[in-house]
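Asks: Below you will find the structure I want to go over with you.
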Amino acid sequence: MEFKKLSILMPMYNEEIYAAANILETDEYFKNLNISYEIIVVDDGSVDLTYNKVISVKKEHIRIYKLSINQGKGQALKEAFKQSSGDLIMFLDGDLDIKPEQFQILFEIMKKENADVVIGSKRHPQSILHYPLKRKILSIGYFFIVKILFGLPIHDTQTGIKIFKREVLEKIFHKVLIKRYAFDLELLILAHHYGFKIAESPVVVDYKGKFGHITLKTIFQIFWDTMAIFYRLYILKYYDKR
């Protein structure tokens, strides 16, 4: 497959130290690919100087937006998608724990497998993880919960790099209700539910540990959001409605 334009959606929250550098690193990489692209950055209501830093690198193909209050990565990505025009969409976490050059392997897998969605997977046997043990254990536990509840034929939902054909997000994004922790899960369940093909890619994750402290409240919220998806999918049949 070929594409006319790539839209890179970069949500950020409290990234004042590396925000501008991460955008410039991403821009430099895609500029060297010699493709048509745009970078859309959404500051998810940061309480530090992130917005002041990123606004300094604004260019014609780099657009910067700010949510007035923190709403979650899912909402930031929704807002970014509304502003995008590419026929291929990439999600890339603004902290660059996963580097932008990993786009190429995801795109090669998309072409090879004729997939509609390709996600980075920390559980892929070829992935390289510089990742805390606690995070690995939580990730494995969540995988098994998701497998039992939904039977989703993938091994990871939360990794911060994904690519989509635009028609996938146009079909499903407006039905995604979760804004925070289980946003990725709801999005991928919807893609699978509507018959889109999802493939997985190995990733290299260099975890910087900025949000390393996971509280019981966070774990409860993830579980609550996950059960809400189960309820909407199997009880309410919400996703089958227009």
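Asks: Just need the Rg to Rh number for region 1-113, please, alpha carbons only, Kirkwood Rh.
Replies: On the way: Rg = 13.5 Å, Rh = 14.1 Å.
A ratio of 0.96.
Asks: Another question about this same structure. Separation of region 142-201 and region 37-77 by C-alpha centroid, Å?
Replies: Spelled out, the Cα-based centre of one part sits 23 Å from the other.
Asks: Measure of size requested: the Rg and Dmax of the chain, with Cα atoms as the atom set and Å as the unit; please supply both.
Replies: 17.0, 49
Asks: For Val204, enumerate residues with amide H under 5 Å from its amide H, sequence gap 5+ or separate chain, H modeled in the peptide plane.
Replies: The list, which skips near neighbours in sequence, is Ile128.
Asks: Counting DSSP beta bridges with both partners in the chain, what percentage is antiparallel, nearest 5?
Replies: On the way: 9 of 33 bridges.
In the chain, approximately 25 percent of DSSP beta bridges are antiparallel ones.
Asks: Where in the chain are the DSSP H helices whose alpha-carbon span along the long axis reaches 18 Å or more and whose Kyte-Doolittle mean is at least -0.5?
Replies: Details: long enough: 19-33 (22 Å, -0.21); 133-150 (25 Å, 1.29); 216-230 (21 Å, 1.08).
Sorted by number, the helices that extend far enough and score high enough are 19-33, 133-150, 216-230.
Asks: Mean-square fluctuation check for the chain, GNM, Cα pairs under 10 Å: which of Ile69, Ile55, Ile172 is largest?
Replies: Ile69
Asks: Ranking request for peptides 4-15, 106-117: highest mean number of other beta-carbon atoms within 10 Å first, then the rest in descending order. Don't skip to the answer; put the middle values down first.
Replies: Details: 4-15: 22.9, 106-117: 16.8.
Top of the packing list down: 4-15, 106-117.
Asks: Treating cross-link reach as a plain straight distance, find the aspartates and glutamates whose alpha-carbon is under 16 Å from the alpha-carbon of Lys175, omitting any fewer than eight places away in the same chain.
Replies: Output for Lys175: Glu79, Glu167, Asp184, Glu186, Asp225, Asp240.
Laboratory data are not the source of any read-out in this text; all were calculated from the coordinates shown. Treat the numbers as computed from the prediction; the structure is a model and nothing was measured. Cβ atoms come from the backbone with ideal geometry, glycine included; neighbour counts cover every protein chain shown.
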